[in-house]
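The values are calculated or read from the model by the stated rules, or taken from the named source; none is laboratory data. As the structure is a prediction and not an experimental result, all values here were calculated from the model. Here the Cβ is made from the backbone with ideal geometry for all residues, glycine too, and neighbour counts use every protein chain on show. Accessible surface is based on the protein model in full, side chains and every heavy atom, while ligands, DNA and RNA are left aside. Shrake-Rupley method; radii C 1.70, N 1.55, O 1.52, S 1.80 Å.
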Amino acid sequence: MKYRPVEDGYLVLLERGENILESLRGFVKQHHIQAGIISGVGAVTEATLGIYDSEQKEFVTKTFMDELEVGHLSANISYPPDSDEPFIHCHMVVSDRSLSAFTGHLVEATVLLTLEVYIRTLKDKITRTQDPKRNIGHWQL
């Protein structure tokens, strides 16, 4: 990973073989980021995406074992109550060799070549809470 601070956050370059969520969580912790918005583009392999099944109240996932283009990565940074472990809520749009697009909640993915990421930091900490009725987390506003 390489990075450079900018006026309102960081430019981050994830490199081949890095786990996206693990790397971003580590970066957020290392730089004491309280809240933020993340966007990025690049290429991945071994990507697992999920979609929430509201009737079953659980995520359904699918793993792609191919070279995938990342058309867009979008995420936010928040924290569970009484925790210093950041939660990266991330969604990603990827396309395969036929240019078919797939999107969903990012469960796990490995960088293929590079992933260029912009982290816009926010001043105030955002807390994430769990909604027991729907079995999902969301911002506590």
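I need every pair where a residue in the stretch 33-50 that is in contact (Cβ under 8 Å) with a residue 12 or more places away in the chain has its Cβ under 6 Å from the Cβ of a residue that is surrounded by fewer than 23 Cβ atoms within 10 Å (Cβ to Cβ) and of a type in the set (Phe, Trp, Tyr), sequence separation at least 6 or different chains.
Listed pairs, sorted by first residue: Ser39/Tyr118; Ala47/Phe64; Gly50/Phe59.
When the residues of the stretch 62-101 are filtered to those that are under 25 Å from Ile33 (Cβ atoms) and of a type in the set (D, E, K, R), which remaining residue is surrounded by the fewest Cβ atoms within 10 Å (Cβ to Cβ)?
Ranking the candidates gives Asp82 first.
Can you work out which of the residues in the stretch 47-61 that are more than 18 Å from Leu112 (Cα to Cα) and assigned to a strand (DSSP E or B) is least open to solvent (accessible area, probe 1.4 Å)? Steps first, please.
Initial filter on the stretch 47-61 (more than 18 Å from Leu112 (Cα to Cα)): 50-61.
Cutting the leftovers down to assigned to a strand (DSSP E or B) gives us 50-53, 58-61.
Working: Gly50: 6, Ile51: 113, Tyr52: 61, Asp53: 51, Glu58: 99, Phe59: 98, Val60: 74, Thr61: 82 Å².
Filtering first and then ranking leaves Gly50.
Just need a number here: residues in the stretch 69-94 that are over 20 Å from Ile136 (Cα atoms) and out of contact with any Phe, Trp or Tyr (no Cβ under 8 Å at 6 or more places or on another chain).
Selection size over the stretch 69-94: 5.
Out of all the residues in the stretch 122-141, which are part of a strand (DSSP E or B) and either in contact with a helix residue (DSSP H, G or I) (Cβ under 6 Å, 6 or more places away or on another chain) or open to solvent by less than 100 Å² (accessible area, probe 1.4 Å) (or both)?
Leu122, Thr127, Arg128, Thr129, Asp131, Ile136, Gly137, His138, Trp139
Quick one: which residue in Leu11, Leu21 is hydrophobic (A, V, I, L, M, F, W, C), at pLDDT 95 or above, open to solvent by less than 80 Å² (accessible area, probe 1.4 Å) and not in a strand (DSSP E or B)?
Answer to the selection: Leu21.
Inside the stretch 24-43, can you point out the residues that are open to solvent by 50 Å² or more (accessible area, probe 1.4 Å) and either among the acidic types (Asp, Glu) or more than 16 Å from Ser74 (Cβ to Cβ) (or both)?
Arg25, Lys29, Gln30, His32, Gln34
Residue under question is Arg4, and the condition is that it be within 26 Å of Thr121 (Cα to Cα), part of a strand (DSSP E or B) and at pLDDT 95 or above; does it hold?
Details: within 26 Å of Thr121 (Cα to Cα): yes; part of a strand (DSSP E or B): yes; at pLDDT 95 or above: yes.
Here the answer is yes, as Arg4 does meet what is asked.
Within the stretch 27-46, how many residues turn out to be within 12 Å of the chain's Cα centre (by Cα) and among the small types (Gly, Ala, Ser)?
3
Being open to solvent by 60 Å² or more (accessible area, probe 1.4 Å), of a type outside the set (Val, Ile, Thr) and touching a helix residue (DSSP H, G or I) at 6+ places or on another chain (Cβ under 7 Å) is the requirement here; does Glu108 meet it?
Yes; evaluated as a whole, the condition is true for this residue.
In the set Ile119, Ile77, Ile88, which member is part of a strand (DSSP E or B), within 15 Å of Phe27 (Cβ to Cβ), without any contact (Cβ under 8 Å) to a residue 60 or more places away in the chain and out of contact with any Cys (no Cβ under 7 Å at 6 or more places or on another chain)?
Details: Ile119 fails: without any contact (Cβ under 8 Å) to a residue 60 or more places away in the chain; Ile88 fails: without any contact (Cβ under 8 Å) to a residue 60 or more places away in the chain.
Answer to the selection: Ile77.
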